[in-house]
Amino acid sequence: MPTLSEYKALLAADEVAPAILAALKEDSRIGAGKLLAAYQRRQAHQAAEEVALRYRSRYERQLWGTYEYVAGLDEVGRGPLAGPVVTAAVILPHHFQWPVNDSKQLTAHERNVLYPHILTEAIAVGIGVADNRTIDRENIYHATELAMAQAVDHLRVAPECLLVDAMHVPVDLPQKRLIKGDANSISIAAASIVAKVIRDRLMKMYDKIYPGYDFKDNMGYGTKAHLAGLAAHGVTPIHRRSFGPVRDRLRS
């Protein structure tokens, strides 16, 4: 009879023989029952992830029948008082299997784990940025559109169609706008993760340049700590002067 450690090693394999599971089921040791239960939970979780991934790739699979290269686009940072809007365009291979989801539904750790896999396995990734000056000049919505067009232009492989999270990208390409696209498209979800990780790292860098606003935690959003910093230290070069609290501080 295998030891529990040997069973544990066997259950960690990519494929487990039915005979192993049958033997474990018949094993009367408490530890054997726990190992089997843990294995079954992992299998159930993996199956649920596969179903969810297939559901979130339904728009891609529809388009892949016509287009080889479909790019998903998303933005991060439309609401903050400081910092840029960052956009990403991602073209995924048809066999992509990582469990990407709306970046807001993932922890920072989960995003940082998925980020290098997306960069490594994607056919192409493009980034666009609209800084605070562009936002103040163009307005936040149009600045985001321009940054999305920039992300598309920065793809090393030209996309044939776009999937976009509820916006229009000013480029001459067919595009499908999805409501809550980052939760309904793996390409948009991957773009949201890339944009979020990049922007978060940028705001943490700005926190060191402009201390006192808590940028490392609020990412430029108008939290209590950020507003207190604005009142105490004034407006920094990365603040959006067209946004109410910043505009009010400039007038005071």
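Placing unit charges on the Cβ atoms of the charged side chains and taking the dipole of the chain about its Cα centre, the candidate lying farthest along the positive direction among Ala151, His45, Pro211 is Pro211. Between the entries (i) 1.28; (ii) 1.09; (iii) 0.92, the label attached to Cα Rg over 2.2 N^0.38 Å calculated for this structure is (i). Compactness of the range 4-55 is given as radius of gyration and Dmax, 12.3, 40 Å, from Cα positions.
By DSSP, the beta bridges lying fully in the range 66-251 are antiparallel in about 65 percent of cases.
Over the range 1-114, the pair-distance histogram of Cα-Cα distances with 5 Å bins from zero comes to 2, 9, 14, 15, 12, 10, 11, 10, 7, 6, 4, 1, 0 percent, rounded to whole numbers. Remark: the range 225-238, residue by residue, has Karplus-estimated 3J(HN,Hα) of 5, 5, 5, 5, x, 5, 5, 7, 10, x, 8, 8, x, 9 Hz, where x stands for each Gly or Pro and the curve is 6.51 cos²θ - 1.76 cosθ + 1.60 at θ = phi - 60°. For helix 108-121, what angle does its Cα long axis make with the longest principal axis of the chain, in degrees from 0 to 90 and rounded to 10? Once rounded, the angle reads 80 degrees.
Taking amide H as placed 1.01 Å from N in the peptide plane, the amide H of Ala124 sits under 5 Å from that of Ile91, each at least 5 places away or on another chain.
Taking amide H as placed 1.01 Å from N in the peptide plane, Gln175 has its amide H under 5 Å from the amide H of Leu162, each at least 5 places away in sequence or on another chain. The phi-based Karplus calculation (6.51 cos²θ - 1.76 cosθ + 1.60; θ = phi - 60°) puts the 3J(HN,Hα) values of the range 150-165 at 4, 4, 5, 4, 8, 6, 7, 10, 5, x, 9, 7, 10, 10, 10, 7 Hz, whole numbers, x for Gly and Pro. Amide H contacts of Glu68: none lie under 5 Å away among residues 5 or more positions distant or on a separate chain (H built 1.01 Å from N in the peptide plane; Pro and chain starts excluded).
Per the Debye calculation on the range 140-199 with a single equal scatterer at every Cα and no solvent contribution, log₁₀ I(q)/I(0) for q = 0.13, 0.25 Å⁻¹ amounts to -0.31, -1.27. Please give the helix 186-209 orientation as an angle from the longest Cα principal axis of the chain, in degrees from 0 to 90, rounded to the nearest 10. Compared with the principal axis, the helix lies near 60 degrees.
Each residue of the range 32-44 was assigned a 3J(HN,Hα) from its phi angle through the Karplus expression (A = 6.51, B = -1.76, C = 1.60, θ = phi - 60°), giving 5, x, 5, 4, 5, 5, 5, 5, 5, 5, 5, 5, 5 Hz with x at Gly and Pro.
Where a number appears in this text, it was derived from the coordinates with a stated rule and is not lab data. Everything numeric here is computed off the predicted structure, so don't read it as measured data. Neighbour counts run over all protein chains shown; Cβ positions are idealised from the backbone, glycine included.
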